[in-house]
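Participant: Please find one structure pasted underneath; my questions will follow.
All of the numbers you see were taken from the coordinates with simple rules; none came from a lab. These numbers were taken from a predicted model, which means no experiment stands behind them. Don't worry about glycine lacking a Cβ; one is built from the backbone with ideal geometry, like all the others, and counts go over all protein chains shown.
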Amino acid sequence: MSQYYRSLAPLLQPESHPRPLDWAGIFGRRAPLELEIGFGNGEYLHRHSLAHPERDMVGVEVAWASAKRALRRLAAPPRPNVRLVLDKAQVALARFFAPQSLAVCRLLFPLPWPNPKQAGQRLCQRDFLDLAADRLAPDGLFLLVTDSCELADWVLDQAQDSALALSLTERPPEWDTKYERKWRETGRRSFYRLAGAKTAHPALPVFEEIEVRAYYRTELDPAGFRPREEVSEDLVVRFKEFIYDSGRAEGLLRTMVIEGHLTQDFYIRLRREPDGRWKVSPAAPARLFPTRGLARALELAAG
């Protein structure tokens, strides 16, 4: 494994840092900060970070397979100006980056979701563009490149009432990524480039993270344990299954909490303490965002 990865050093665990992250502290310097959303196999991130050692770069992806390929590229030669994050783009942008902290926010050939019924799954909805504008520095650049005319027109339409002013141009191949090469092989000679800057600072509220405490309940009937769920406009708490180990007097309750852009799927542990009470706490708190929804899920599980 070590021969394949060479080094896991660029891979960051954001949950182990206070949020938003202190990128100057992480990189050990103050430099222009760039974000690439969906870095794929890391080709462009690899070349760009070598060409611009004076800039710091963060790549965000959801696929571990992509991160593995990128880590292999970034190891030769090692470079201190790149970090990789495995998470959803909107979660990362909202929680890991402070307002006005990004010099560049870049998306190269994002999934177009071509079926009109899939449009709701496209990333660059108006609220995401406003979030990107909030995180961009006053002179920061938003850049999206795609092979899909439909996606380019759709994003341009989403930007009309957002805090970003985007212009659409057709450009020859210039990024040398996997998907650009794929389309060039089919004969395509131009791609769509959406670029621009913020026209206003949306001043979006900072997502609140709180200190999550353990809860306690006096009794627990494992066979009949069905906590009350909660569904409201801004919060959904659902409980999926309960697994109980009678020998250890401990159970795991699978829980899903949805708060706006953030979905957390995790287990709540219920464990009998020496005093006879049942302690209700997250089973793996290091992997969770300590939010109001998480605290509410624990409260509901405690009854």
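Participant: Add -39500 (n - 2.57) for each DSSP H run of 4 or more in the chain, then divide by its residues: what number comes out at 222 nm, to the nearest 500 deg cm²/dmol?
Facilitator: On the way: 9 runs with 77 residues, N = 303.
Rounded to the nearest 500, it is -7000 deg cm²/dmol.
Participant: Count of lysine pairs in the chain with Cα atoms under 27 Å apart, counting only pairs 8 or more residues apart in sequence or on different chains?
Facilitator: Lysine pair count for the chain: 11.
Participant: Would you mind computing, in nm to one decimal, how far apart the modelled labels at ASP157 and GLU273 are, each placed 7 Å from Cα along Cα→Cβ?
Facilitator: 5.6
Participant: Go ahead and run the numbers for FRET between ALA214 and ALA63, Cβ-Cβ distance against an R0 of 35 Å, rounding to 0.05.
Facilitator: 0.55
Participant: If you work out volume of the Cα convex hull per residue in Å³ from the coordinates, which of (1) 172; (2) 131; (3) 146 do you get?
Facilitator: Computing volume of the Cα convex hull per residue in Å³ and matching it to (1) 172; (2) 131; (3) 146 gives (1).
Participant: Something else: Where is the GNM fluctuation largest for the chain (alpha-carbon springs, 10 angstrom cutoff): VAL280, VAL206, VAL237?
Facilitator: Among VAL280, VAL206, VAL237, the largest GNM mean-square fluctuation belongs to VAL206.
Participant: Starting from the alpha-carbon convex hull of the stretch 252-296, give the projected area averaged over all orientations, in nm².
Facilitator: Averaged projected area of the stretch 252-296's Cα convex hull equals 3.4 nm².
Participant: Relative contact order, percent, of the chain when contacts are C-alpha pairs under 8 Å separated by at least 6 residues?
Facilitator: 14
Participant: With θ taken as phi - 60° and the coefficients 6.51, -1.76 and 1.60, list the Karplus ³J(HN,Hα) couplings across the stretch 172-177 in order, rounded to whole Hz; mark glycine and proline as x.
Facilitator: For the stretch 172-177, the Karplus-derived couplings read x, x, 8, 9, 6, 9 Hz, x marking Gly and Pro.
Participant: Shifting gears a bit: What do the square roots of 5 times the Cα gyration tensor eigenvalues come to for the stretch 166-293, in whole Å, largest first, as semi-axes of the equivalent ellipsoid?
Facilitator: 49, 20, 13
Participant: Also: In whole Hz, with x marking every Gly and Pro, tabulate ³J(HN,Hα) for the stretch 296-301 from phi via Karplus 6.51 cos²θ - 1.76 cosθ + 1.60, θ = phi - 60°.
Facilitator: 3J(HN,Hα) across the stretch 296-301, in whole Hz: 5, 4, 5, 5, 5, 5.
Participant: Please report the spacing between the Cα centers of the stretch 29-53 and the stretch 67-144 in Å, no decimals.
Facilitator: For the stretch 29-53 versus the stretch 67-144, the Cα centre distance is 11 Å.
Participant: A follow-up question, please. Mind telling me which of PHE242, PHE128, PHE191 comes out most flexible in a GNM of the chain, alpha-carbon contacts under 10 Å?
Facilitator: PHE242
Participant: Within the stretch 36-60, what residues put their amide N at less than 14 Å from the label point 7 Å along the Cα-to-Cβ vector of HIS17?
Facilitator: Answer for this model: 36, 56-60.
Participant: Could you tell me how far the Cα centroid of the stretch 266-290 sits from the Cα centroid of the stretch 186-223, in Å?
Facilitator: Using only Cα atoms, the two centres lie 24 Å from each other.
Participant: Can you tell which of GLY196, GLY224, GLY276 shows the greatest fluctuation in a Gaussian network model of the chain with Cα springs below 10 Å?
Facilitator: Result: GLY224 has the largest fluctuation of those listed.
Participant: In addition: Relative to a virtual label point 7 Å from the Cα of CYS149 in the Cα→beta-carbon direction, which members of the stretch 160-186 show backbone nitrogen distances below 16 Å?
Facilitator: 168-172
Participant: Between the DSSP loop rule and a limit of at most 16 other Cβ atoms within 10 Å, which GluC sites (Glu not before Pro) in the stretch 149-223 are left?
Facilitator: Taking the stretch 149-223 and a limit of 16 other Cβ atoms within 10 Å, the loop GluC sites (Glu not before Pro) found are GLU174, GLU208, GLU209, GLU211, GLU219.
Participant: Out of all DSSP beta bridges with both ends in the chain, state the antiparallel percent to the nearest 5.
Facilitator: On the way: 42 of 63 bridges.
Around 65 percent of the beta bridges assigned by DSSP in the chain are antiparallel ones.
Participant: Tabulate in residue order the Karplus-calculated ³J(HN,Hα) for the stretch 21-36, using 6.51 cos²θ - 1.76 cosθ + 1.60 with θ = phi - 60°, rounded to whole Hz; enter x for Gly and Pro.
Facilitator: Per-residue couplings from phi come out as 6, 8, 5, 4, x, 5, 7, x, 6, 9, 8, x, 10, 10, 10, 10 Hz.
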